[in-house]
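K.L.:
Shown below is the structure under consideration.
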Amino acid sequence: MPLTNLAVAEEALSLSPVKRADLAKLLIQSIESDGRSDAEVSSELKRRLDDLLAGRDSGLNFEHVFGCPA
């Protein structure tokens, strides 16, 4: 069954105030533009992948990203 805007709103409103604030921030961030073109984003992603593959950037491990042991 597809979710309707009303169903999503009812579900969101059932969250605690802190969780609703977190959701609001996430929704706002999802519609804000960072001003870069697709070509600029692609270029940066390629550079970052090249850095990872070449060992110039070690990346982050699972524990660092998620705050818990793998």
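Laboratory data are not the source of any read-out in this text; all were calculated from the coordinates shown. Just so we're clear, the structure is a prediction, and the values are computed from it rather than from any experiment. A quick note on method: Cβ atoms are made from the backbone with ideal geometry, for glycine too, and the neighbour counts reach across all protein chains shown.
K.L.:
Once the piece of chain linking A39 and F62 is laid out straight, how much longer is it, given 0.36 nm per residue of separation minus the C-alpha distance between them?
P.N.:
On the way: separation 23, 0.36 × 23 = 8.28 nm, distance 2.92 nm.
Between A39 and F62, full extension yields an extra 5.4 nm.
K.L.:
Now for a different question. By count of other Cβ within 10 Å, fewest leading, how are S42, S33 ordered?
P.N.:
S33, S42
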